[in-house]
Amino acid sequence: METPPSELSVQDWLATTGIDWATKIVLALAIFIIGRIVVKILTGLILKAFKKAKVDDTLAGFLTKIANVLMLAVVVMAALEKLGVETTSLVAILGAAGLAVGLALQGSLSNFAAGVMIIIFRPFTVGNFIEAGGTKGIVEGISIFNTNMRTPQNQVVIVPNGQIMGGTIVNYSVKDTRRIDLTLGVSYDDDLRVAKDTINRVIAEDERILKDPAPIVGVMELGSSSVDIVAWFWVNSPDFLQTKMDTTEKMKVELEKAGCSIPYPQRDVHLYQSESKSA
């Protein structure tokens, strides 16, 4: 801003430079005020668009805030430009600062990107029982950076989203039914027909086991110490664990009642005594 050289020239300075600066300030304020109003309207439209597209509320709110900040930054830059402030160097400084912050928060940004992918593609939802990020449990919450899981031991584990998306995700709850796979070994001396009939009877008596798809019972392998019979049958997902425990116990009991033995690996040790001869 130019300083008037003397009191005699104040009127001339006001008539030229002063009016010019006043005009710039008024225009800058107008740009800022109108820009804020426009940004507010656009932010509301963006949020409505996200809701209409049924984007997750957490992701929609976060992205809307980012858009709001970026648009306000453009408005502020335009207002400063009108005042004659050189914004090129300011943009460069902000860019360098952003790069430094990005490098410092590289892990957090990776978790953020993974969180966005989880919310958009939904490989699992709250309430699902999953195995991911080295943890198995029920999903209790999904945020931008972390996923909260409750283990069967009632422990709350906070898993970074980057670890989840960087590995294999097993969702045990996404399907309504699950298959139970049991392997039962019987002795080579046992009657296989009796063993299979006993296993089929245990399956048929359990109302939790579905009839369709039909259960499968058959000899899978001739092991080193037993004949391995597999039993595959389907149950509703909530009944999986309890049904597996109950049928495993009952099949052992019923097989023993039917005269079938469940062998286990044995090792025969033979001792030989050598006679030492005196010289």
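Limited to segment 24-41, what total is found for residues that are of a type in the set (Gly, Ala, Ser) and without any contact (Cβ under 8 Å) to a residue 12 or more places away in the chain?
Number satisfying all stated conditions: 1.
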Please determine whether any residue of segment 262-271 is out of contact with any His (no Cβ under 9 Å at 6 or more places or on another chain) and within 30 Å of Pro123 (Cβ to Cβ).
no
Checking the condition within 17 Å of Val253 (Cα to Cα), over 37 Å from the mean Cα position of the chain (by Cα) and surrounded by 13 or more Cβ atoms within 10 Å (Cβ to Cβ), which residue from Val227, Val186 passes?
Val186
Got at least one residue in segment 20-34 being modelled with pLDDT under 80 and among the small types (Gly, Ala, Ser)?
yes
Sort through Ala96, Ala73, Ala53 and tell me the only one that's among the hydrophobic types (A, V, I, L, M, F, W, C) and at pLDDT below 65.
Ala96
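The values are calculated or read from the model by the stated rules, or taken from the named source; none is laboratory data. Nothing here was measured: the structure is a model prediction, and the numbers come from that model. Don't worry about glycine lacking a Cβ; one is built from the backbone with ideal geometry, like all the others, and counts go over all protein chains shown.
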